[in-house]
Amino acid sequence: MLKFDKKYLYLTLLLFVIEVCIAVFFNDSFIRPFVGDVLVVILIYCFVKSFWQIKPGILALSVFVFACVIEILQYFNFVKVLGLENYKVAVVVLGSSFDWKDIIAYAIGSATVLWLESIINKRLKS
């Protein structure tokens, strides 16, 4: 069901700025590859919640599955198959290398979203 929610849009924009800062200012082995992947799942969740009213569990699982599909496509060099390997934006968005740690990061991001949503829902009911 379509329903605009500006708080999720603001969170999406904030997370996007954080992701850009991570991409520009960090070149390490933890924050950029791991924290960035945790946050990207939360960013996608918030973006979808900005426009659609979907139950948190269904959306979190859907975003997790979507992220895993993208990760699996990286295993098969999807960017190269599409002929996009020379386009930096495509390489950044779709990724270029498969890593099991990314799937763990996506799971952590999805679990974090569900945990935060449960806290918010408990406070609203009180």
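Please treat every number below as a calculation from the coordinates, not as lab data. Since we're looking at a predicted model, the values are computed, not measured. A quick note on method: Cβ atoms are made from the backbone with ideal geometry, for glycine too, and the neighbour counts reach across all protein chains shown.
Summary of computed values
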{"item": "Dipole of the chain, positive end: most advanced residue of Ala111, Ala90, Asn121 [Cβ charges, Cα centre]", "result": "Asn121"}
{"item": "Angstrom value of the Kirkwood radius, inverse mean 1/r, which spans all Cα pairs in the stretch 1-47", "result": "11.2 Å"}
{"item": "Among the listed pairs Lys101/Lys122; Lys55/Lys88; Lys49/Lys125; Lys6/Lys125, those beyond 30 Å (Cα-Cα)", "result": "Lys101/Lys122; Lys55/Lys88"}
{"item": "Neighbour net charge for Phe51 - beta-carbon separation under 13 angstrom, K R +1, D E -1", "result": "+3"}
{"item": "Entry for semi-axes √(5λ) of the Cα gyration tensor in Å (calculated from the structure that is shown) out of [x] 54, 22, 14; [y] 27, 15, 15; [z] 33, 15, 11", "result": "[y]"}
{"item": "Fewest-first ranking of Trp100, Trp115, using other Cβ atoms within 10 Å as the exposure measure", "result": "Trp100, Trp115"}
{"item": "Most fluctuating residue given options Phe64, Phe51, Phe25, as computed from a GNM of the chain linking Cα atoms under 10 Å", "result": "Phe25"}
{"item": "Most to least packed among 38-45, 8-15 [average Cβ atoms within 10 Å]", "result": "38-45, 8-15"}
{"item": "Given charges at Cβ of Lys, Arg, Asp, Glu: the chain dipole, positive-most of Val79, Ile42, Ile31", "result": "Ile42"}
{"item": "Tilt relative to the chain, helix 6-25 - C-alpha long axis, 0 to 90 degrees, to 10", "result": "30 degrees"}
